[in-house]
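Chemist: The structure that follows is given in the form of C-alpha cells.
The numbers here are math on the coordinates, done by the rules we state, and not lab data. What you see is a predicted model, and the numbers here were worked out from it, not measured in a lab. Ideal geometry is used to build each Cβ from the backbone, glycine not excepted, and the neighbour counts take in all protein chains shown.
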Amino acid sequence: MKVGFVSLGCPKALVDSERIITQLRARGYQLSRDYHDAGVVIINTCGFIDAAVEESLSTIEQALTENGKVIVTGCLGAKADFIRQRFPQVLHISGSQAYEQVVQAVQQHLPPPTDPFTSLIPATGIKLTPRHYAYLKIAEGCNHQCTFCIIPSMRGKLASRRIDQVLHEAEQLAQAGVKELLIIAQDTSAYGIDLHYQTGHWHERSWRSQFYDLCQALGELGIWVRLHYVYPYPHVDTVIELMAEHKILPYLDMPLQHANSRLLKLMKRPAKATNTLQRLQHWRTLCPELVLRSTFIVGFPGETDQDFADLLTFLEQAQLNRVGCFQYSPVAGATANQLPNPVPANIKQQRYDQLMQLQQQISMDWLQQKINTQQTVLIDQIETDHAIGRSMADAPEIDGLVYIESPGDHLAVGDWATVQITHADAYDLHGHLANSHQ
Ligand code: SF4
C-alpha cells in the first residue's frame, strides 16, 4: 500500500508531515515517490502568502490529474470551502495538525495492509530531514496579531506541548543519531504560557513547561540545540546565560521585521516596546560569541524614507550576523491590507537592495574574522573533492555553509569535523580538515 506525499511550506509544516508519515508507517503504509504508483496522495499545503497558496493549488491540481485520489491538509486546508469550490473531487480536507484526520482518511480510501511486520517503525518516526538533524516543534499557534500575518487565524492561539512530551521526543531523536535539534514554534520564547508553566517529569526531576527549563533540559542531551523564532523579551536573558555556559548553541533566530517604533506599532509586533539595541548589547555582554539572525520587511505600508533610514542605522549599530529581507506583499485576509500609503514597487526594490548591500558588508566583515580560526562543523554532504557542513553559526537551509577541501575518505554525513578556516566569501567559509569524529 503506497501513499504519495508532498510537503509544502515552512519547517513547522514539515514537522506535521513527519508526524503524519510516522503514523502511516506505523500502520504499514509505504511511501511512493511517484504519483502513478501511489494509492492516494496527501498534500500538506501552505497558505502563508499568496505565492504559497498558488503553489499549493497547482500541486493539488497536478496530483488530481496524475493520480486522482487526493487528500489535502495543512494551513490552506483551514479554508476547506475555498479548496472544495475549486477542486470538488478532493477526497478529504483538514487544517494543520490534523494528524488523526489525515490518517483516518487514508485508511478509508486505501484500507491498510494487515501484515504486522510492516508496522514496525523506528522509535523516532520517519524523518524528512537528514538523519543527523531534526526539527522539534514545541508549540502550535500564536497569541500575537501581527497585522501582516494570518497564521493566528489559520492555526489558532498558542498551544504548547507539555514539557515531558517534548523532552521525551528530543531524547528519542538524540538516541536515534540526531546531533542537532532545531527548536521551532511561532513564538518559541512564549512556550508554556498557555499551560501556566505546568510541570512534567523527566530524568527524575520536575521541569516547568517554560522556555528556560526547556532550554536547560535540552542542554543535558549533549547535542546541538538551536533556537528559532525567539523574540527579544527580558526573560530571554537567562537563556543567553545557558548559551554562555555552552549548554545550548549561542545562536538566536529572532525575526525583528523592523526597527522603527512607529512601524513596529503598525505591524503590532511582539516586544515592540523593548529597546532592542540595548537588549542585544546586554546579550553580547553575557555571551560574546552569540550569533544573531533576523529577518526584516521593507516597504510596509506607510514606511517613509526616514523610517527606512532608521532601519539602516539600527542594522549598522546592531551588527547582526545574518539577515534575511522581504519586500512587503499583501496577504489575503491580513489587516495590514487596510493600511494607507502603500509603498511603490520600485521604492521597495531600492530599499531591499540598499539593505542587502549594507548587511552583506556587515556579514562579510564578521566572516573575515573567522579566517585562521578552527571551527567545529557538522557534515551535511560529501562531494567528490570536498565536503559541506555547517558551523554553530549556520542553521540548515537559511544560513551559510563551510566548504572543506579534499577531506579524502575521512568524513561521512553526520560526522563532526574540526576545520581550519583559510578564507571566506560573502556568505560561506572555506577551509581544510584538522580533525574529525563521529
Ligand atoms: S508572531 Fe506575528 S508573524 Fe509570527 S506567527 Fe504570530 S502573528 Fe504571525
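Chemist: Need one number: convex hull volume per residue for the chain, Cα atoms only, in Å³. Before the final figure, lay out each step's value.
Modeler: Details: hull volume 70.3 nm³, N = 438.
Dividing the Cα hull volume of the chain by its residue count gives 160 Å³.
Chemist: By how many nm would the segment from Asp34 to Asn435 grow when fully extended, if each residue of separation counts as 0.36 nm and the alpha-carbon distance is taken off? Show your work: numbers first, answer last.
Modeler: Working: separation 401, 0.36 × 401 = 144.36 nm, distance 4.12 nm.
Using 0.36 nm per residue and subtracting the Cα-Cα distance, I get 140.2 nm.
Chemist: While we're on this one: Which residue, Pro255, Pro342, Pro111, tops the fluctuation ranking in a GNM of the chain built on C-alpha contacts under 10 Å?
Modeler: With Cα springs under 10 Å in the chain, the top fluctuation among Pro255, Pro342, Pro111 is at Pro111.
Chemist: Okay, moving on. Once fully extended, how much extra length lies between His201 and Arg86, figured as 0.36 nm per residue of separation less the alpha-carbon to alpha-carbon distance?
Modeler: On the way: separation 115, 0.36 × 115 = 41.40 nm, distance 4.78 nm.
Extra length available between His201 and Arg86 comes to 36.6 nm.
Chemist: What is the order of Cys75, Cys287, fewest Cβ neighbours within 10 Å to most? Could the numbers behind the result be given before it?
Modeler: Working: Cys75 26, Cys287 18.
With the sparsest Cβ surroundings first, the list reads Cys287, Cys75.
Chemist: Output the Cα-based Rg and Dmax of segment 264-316 in Å, rounding Rg to one decimal and Dmax to a whole number.
Modeler: 12.9, 37
Chemist: For segment 158-172, what does the Karplus curve 6.51 cos²θ - 1.76 cosθ + 1.60, with θ = phi - 60°, yield as ³J(HN,Hα) per residue in whole Hz, taken in order and with x for Gly and Pro?
Modeler: 3, 9, 7, 8, 5, 4, 5, 5, 4, 5, 4, 5, 4, 5, 4
Chemist: Hey, another quick one. Calculate the spin-label point distance for Thr384 paired with Ile193, positioning each point 7 Å from the Cα along the beta-carbon direction, and give it in nanometres.
Modeler: In this crude spin-label approximation the distance works out to 5.4 nm.
Chemist: Throw me the Rg/Rh for segment 374-437, computed over C-alpha atoms with Kirkwood Rh, two decimals.
Modeler: Numbers: Rg = 10.2 Å, Rh = 11.2 Å.
My calculation of the ratio gives 0.91.
Chemist: By the gyration tensor of its Cα atoms, with a ≥ b ≥ c the square roots of the eigenvalues, what is the shape of segment 128-222: rounded for a/c under 1.5, prolate for a/b over b/c, or oblate? Spell out each step's value before the answer.
Modeler: Values: a/c = 2.64, a/b = 1.37, b/c = 1.93.
Oblate, because a/c is 1.5 or more while a/b does not exceed b/c.
Chemist: Provide Rg and Dmax in Å for segment 2-119, with only Cα atoms included in the calculation.
Modeler: 13.2, 43
Chemist: So, one more: Determine the distance separating the Cα centre of segment 290-354 from the Cα centre of segment 1-77; give it in Å without decimals.
Modeler: 33 Å
Chemist: Right, something else. Tell me which residues come under 5 Å, amide H to amide H, from Tyr135 once H is placed; ignore anything under 5 positions away on its chain.
Modeler: Leu182
Chemist: Would you mind calculating the relative contact order of the chain from Cα pairs under 8 angstrom and at least 6 residues apart, reporting the percent as a whole number?
Modeler: Relative contact order of the chain: 10 percent.
Chemist: Also, I was wondering about something else. Rank these for me by crowding, Arg390, Arg162, going from fewest to most other beta carbons within 10 Å. Show your work: numbers first, answer last.
Modeler: Values: Arg390 25, Arg162 16.
In increasing order of surrounding Cβ atoms, one gets Arg162, Arg390.
Chemist: Follow-up question, since we're still on this one. For Lys157 and Leu277, FRET efficiency with R0 = 35 Å and r from the beta-carbon atoms, rounded to 0.05? Numbers along the way, then the final one.
Modeler: Numbers: r = 31 Å, r/R0 = 0.87.
The formula returns an efficiency of 0.70 here.
Chemist: Mind grabbing the base-10 log of I(q)/I(0) for segment 133-368 at q = 0.17 Å⁻¹? Debye formula, identical points on the C-alpha positions, no solvent, two decimal places.
Modeler: The Cα Debye sum returns log10 ratios of -1.28.
Chemist: Percent relative contact order of segment 215-362, based on C-alpha pairs within less than 8 angstrom and at least six residues apart?
Modeler: Values: 207 pairs, mean separation 32.9, N = 148.
Across segment 215-362, relative contact order equals 22 percent.
Chemist: Hey, another quick one. Would you order Asp365, Asp394 from fewest to most other beta-carbon atoms within 10 Å of each residue's own beta-carbon? Could the numbers behind the result be given before it?
Modeler: Numbers: Asp365 11, Asp394 26.
Listing Asp365, Asp394 from fewest to most nearby Cβ atoms yields Asp365, Asp394.
Chemist: If one computes the Cα centroid of segment 363-386 and of segment 133-162, what distance in Å separates the two points?
Modeler: Their Cα centres are 33 Å away from one another.
Chemist: Now for a separate question. Explain nothing, just the number: relative contact order of segment 2-119, from Cα pairs under 8 Å at least 6 residues apart, as a whole percent. The partial results should precede the final answer.
Modeler: Working: 207 pairs, mean separation 35.4, N = 118.
Over segment 2-119, the number comes to 30 percent.
Chemist: Moving to a separate point now. Would you count, across the chain, every pair of lysines whose alpha carbons are under 20 angstrom apart, provided the pair is eight or more residues apart or spans two chains?
Modeler: Taking the chain as the scope, the lysine pair count is 18.
Chemist: Work out the FRET efficiency for Gln338 and Ser406 from their Cβ-Cβ distance, taking R0 = 56 Å, and round it to the nearest 0.05. Intermediate values should be presented prior to the final figure.
Modeler: Working: r = 58 Å, r/R0 = 1.03.
Approximately 0.45, to the nearest 0.05.
Chemist: While we're looking at this one, here's another question. Report the FRET efficiency, 1/(1 + (r/R0)^6), for Gln368 and His235, where r is their Cβ-Cβ distance and R0 is 25 Å, rounded to 0.05.
Modeler: Values: r = 34 Å, r/R0 = 1.37.
The formula returns an efficiency of 0.15 here.
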